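See structure below.
The values are calculated or read from the model by the stated rules, or taken from the named source; none is laboratory data. On a predicted model such as this, the values are computed, not experimentally measured, just so you know. Cβ placement follows ideal geometry from the backbone for every residue including glycine, while neighbour counts extend to all protein chains displayed. Heavy atoms of the whole protein, side chains included, go into the accessibility calculation; ligands, DNA and RNA do not. Shrake-Rupley method; radii C 1.70, N 1.55, O 1.52, S 1.80 Å.
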Amino acid sequence: MTYLNYVILYCFIQINGERSIYSVFHILKGKKSSQSIQDAHLFYLQPFFLSLPKLKRAYFNQKVKELEKLGYVIVDDSGKAIVTTAGTESVKKDFQGDSFPSNMNGLVYGDQTFLFWKRLSLLVQVLSNGKQQETLYFPVQRNKSIQDWVKSCLRANPNIEKMSSDLYKELYTLLTSLTQSLNPDVLVFRLTGFKDYGWTELQVAEKLNMHEEEFRFQFLDLIHSILSELERDPSTYPLLYSISLKNDQLQNLTISTSKTYELYQRGHSIEEIARIRDLKINTIEDHVIELILTQEEFAIDPFISQEEYENVLLVMNDAQTKRLKPIKEKIPHLSYFQIRVAIAKAGENREFAKRT
């Protein structure tokens, strides 16, 4: 069993046979679709969203086959995975402890993670070489927007010595505060300085005696923890906080949903938005569900009453399911969309938490 086997098995437990195995694949890759974002919320798989953007379907299938051979899962004809008792016990024993990436939240920090790492790694390289007055080197980040950001940062902070000192102090203080549960080496060994290139993921994994798959999640766990701390206490880490800042406050929404949200905020109904955008009403309803899950202030009152919302919660709890059909059978007067709204709100509020 590799680390990814445990991650996939844990995800299957959370989904509990209510989605196909590929819903997990799309969550790990961070597919920017309303369905994947909804599933990550509803089944409490936010940590793993966008954790493996380069994951190949063939490799995912191989991992699932390995779990089947071990007798940990049974994939039925509809492509849904049923986790066996042995599989559940294995996750509880070997994964849901110190090995679990408890600081990760890919839905919140997924895109921001890559932005922060690229900016930080290039800034450290530029400052390190700048102190030595070295101008000829290959930048570790070739993305123009990242390079432009670093140039802008240097123009705002022309004293390289002071900026280098400030960045070191902030990074040292922050990483030191996190060392009780996290290993700062997973980040430090990857940084590039003057005539000292950072190691690859594989090299650091070998150095730390861990599988490359595990290193990937440990790295994300640390970065997400850093971003969380910077949000909590920006005044203590002003430079690092500036590196972490996002430009698009709605980047956790799909692009299409953001456009729907703009129209909804102007007072347009679902039907009107569908007409204006020349989209199906079902598509706009998908956007509404995504908004309920991602925007805390988004109210559900226009779509379902509080009484009916509570009725859906009761049925969900009694039947122990989030599937639409069995809930609809119990409350036939509600539309499928209204039921989806209630399920989404329950998932956002964690009123219906079905944990392993």
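Note down all Cβ pairs under 6 Å where the first residue falls in the stretch 1-26 and is within 14 Å of Gly79 (Cα to Cα) and polar (S, T, N, Q), the second is in a helix (DSSP H, G or I) and modelled with pLDDT under 95, and they're at least six residues apart or on different chains.
Close Cβ pairs satisfying both conditions: Ser23/Asp39.
Only one residue in Glu214, Glu231, Glu206 is under 18 Å from the mean Cα position of the chain (by Cα), open to solvent by 80 Å² or more (accessible area, probe 1.4 Å) and more than 30 Å from Phe337 (Cβ to Cβ). Which one?
Glu231
State whether one or more residues within the stretch 152-162 are of a type in the set (A, V, I, L, M, F, W, C), open to solvent by 60 Å² or more (accessible area, probe 1.4 Å), free of Cβ contacts under 8 Å to residues at least 24 places away in the same chain and part of a loop (DSSP other than H, G, I, E, B).
Looking for residues that are of a type in the set (A, V, I, L, M, F, W, C), open to solvent by 60 Å² or more (accessible area, probe 1.4 Å), free of Cβ contacts under 8 Å to residues at least 24 places away in the same chain and part of a loop (DSSP other than H, G, I, E, B), one finds none in the stretch 152-162, hence no.
Please specify each residue of the stretch 86-99 satisfying the condition of being closer than 30 Å to Asp111 by Cα and open to solvent by less than 30 Å² (accessible area, probe 1.4 Å).
Passing the criteria: Val91, Phe95.
For the stretch 288-344, which positions are within 22 Å of Gln35 (Cα to Cα) and of a type in the set (Gly, Ala, Ser)?
Ala299, Ser335, Ala342, Ala344
Take the residues in the stretch 46-59 that are surrounded by 15 or more Cβ atoms within 10 Å (Cβ to Cβ) and hydrophobic (A, V, I, L, M, F, W, C); name whichever of them is farthest from Asp221 (Cα to Cα).
Taking the candidates together, the pick is Leu55.
From the list Gly87, Gly97, Gly110, exactly one residue is touching a residue at least 12 places away in the same chain (Cβ under 8 Å) and over 18 Å from Tyr241 (Cα atoms). Which is it?
Of Gly87, Gly97, Gly110, the one residue that is touching a residue at least 12 places away in the same chain (Cβ under 8 Å) and over 18 Å from Tyr241 (Cα atoms) is Gly87.
I'd like the full set of residues that are surrounded by 13 or more Cβ atoms within 10 Å (Cβ to Cβ) and hydroxyl-bearing (Ser, Thr, Tyr), limited to the stretch 60-85.
Residues satisfying the conditions are Tyr72, Thr84.
Would you mind finding the one in Thr135, Thr88, Thr84, Thr113 that is within 23 Å of the chain's Cα centre (by Cα) and β-branched (Val, Ile, Thr)?
So the residue among Thr135, Thr88, Thr84, Thr113 that is within 23 Å of the chain's Cα centre (by Cα) and β-branched (Val, Ile, Thr) is Thr113.
Condition check: surrounded by 18 or more Cβ atoms within 10 Å (Cβ to Cβ) and more than 25 Å from the chain's Cα centre (by Cα). Does Tyr197 satisfy that?
Answer is no for this residue.
Out of all the residues in the stretch 121-143, is one or more open to solvent by 60 Å² or more (accessible area, probe 1.4 Å), closer than 20 Å to Ser242 by Cα and not in a loop (DSSP other than H, G, I, E, B)?
No, every residue in the stretch 121-143 fails to be open to solvent by 60 Å² or more (accessible area, probe 1.4 Å), closer than 20 Å to Ser242 by Cα and not in a loop (DSSP other than H, G, I, E, B).
Please work out if Leu222 is part of a helix (DSSP H, G or I) and either free of Cβ contacts under 8 Å to residues at least 12 places away in the same chain or open to solvent by 40 Å² or more (accessible area, probe 1.4 Å) (or both).
When the stated conditions are applied, Leu222 does not pass them.
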